[in-house]
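Here's the structure we're looking at; comments come further down.
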Amino acid sequence: MLICGIFFAISLLTILLDFTSIAMVCNLFGLLFVLAHFLRNKEMAKENHLIESTKKVLCNLREKRFQDINFKALKKDNNPYVSELKDLSEAMQKQQNRIQKRTKKLHEKNLQITQLLGSISHEIKNPLSIIQASIETILIHKEMEEETQNKLLHRIMLYSKKINSLLNKLTLSESLEHHVITIKMEKFDILTLCEEVIEGFHNYLLKSVYQDKKIILEGKNRLIFADRILIEQVLNNLIYNALKYADTQVIVQIQDDYIAVIDDGPGVSKNEIVNLTKKYYQGSSAKRGSHSLGLGLFIVKEIAKIHNTKVEFFTRQTKKEGLCVHFRI
């Protein structure tokens, strides 16, 4: 501005001294200088605006306030960094989404572990309490009747088997998941194996827990090539799961290319079917107050993988059916 004043004073002096042409030149230089100064200030204001808007975006990115960033306004202002800022924002949002998903999975995993520990605690403490009470009764009443003593001993054996079954199931699920299990493929009759498994249920659960339910076997002799011990585990898991939800009966059918286990319970929702084979998934059993570990159907799925086959679930196909499971073998 000082320079502008000097040019103005010189031009005024030249006019007074009658140097009009020189005055015009001075005025022109003064005008050009004013214009240059104005343009420079305008450019500086624009640069300051770009710096401030960029700083604001970076601040929002740092604080993860992605919704507050207006890239359209930046583009309108011809911000030279709009493309880089947008890429950075998208990358940070993706990273944030990944972190949120991992956090959610960790939370779900921790919840599953907590539920699992609670279920294991219940499943072990309850039988142990019964075993302990039975042993104490035998020790205190040494002269009790033989029939009563046999009942108590039978109860001890029953609940010891339950604890053993629980521990075996936990071990097997880990072995299957991490592929550290030895497979022994052989030919055997699936009907004979079904009869043996069902007889085990008659001697155990159908006598003590599910006295009002029955298991019906349908089908003919058929040779299959598989791991006999693992297929026995499949049958045990499917029948046990069906018994828990059956109203009166469980039907085991031997078909040409699969084994079907069908209960006459309420079935499950179609949305729930996709979760049935997830590890530790308890679903309806949790709602009913059951302390299931959520491993039975997970084990069935893993055994199906080993045999390069699949397990299928159908619900409420007829009025008399609840959940129907097909194990293709």
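The values are calculated or read from the model by the stated rules, or taken from the named source; none is laboratory data. Because the structure is predicted, anything quoted here is derived from the model rather than measured. Cβ placement follows ideal geometry from the backbone for every residue including glycine, while neighbour counts extend to all protein chains displayed.
Points to keep in mind about this one:
- In the condition set (1) farther than 19 Å from G294 by Cα; (2) at pLDDT 75 or above, K125 is compliant with all but (1).
- The single condition among (1) touching a Gly at 6+ places or on another chain (Cβ under 9 Å); (2) modelled with pLDDT of 70 or more that I113 does not satisfy is (1).
- In segment 174-194, the residues that are under 27 Å from Q255 (Cα atoms), surrounded by 13 or more Cβ atoms within 10 Å (Cβ to Cβ) and not β-branched (V, I, T): L176, F188, D189, L191, L193, C194
- Complete set of residues in segment 234-279 that are in contact (Cβ under 8 Å) with a residue 40 or more places away in the chain and of a type in the set (V, I, T): V234, I239, V252, I254, I259, V261, I262, V268, I273
- Test: residue in segment 227-239 that is surrounded by 18 or more Cβ atoms within 10 Å (Cβ to Cβ), touching a strand residue (DSSP E or B) at 6+ places or on another chain (Cβ under 8 Å), farther than 23 Å from L167 by Cβ and not hydroxyl-bearing (S, T, Y): no
- Of everything in segment 251-285 that is in a loop (DSSP other than H, G, I, E, B) and of a type in the set (S, T, Y), the residue that is surrounded by the fewest Cβ atoms within 10 Å (Cβ to Cβ) is S269.
- Put simply, of K161, K169, K207 the only residue that is within 24 Å of D227 (Cα to Cα) and either in the same structural domain as A226 (by TED's automatic domain parsing) or more than 29 Å from the chain's Cα centre (by Cα) (or both) is K161.
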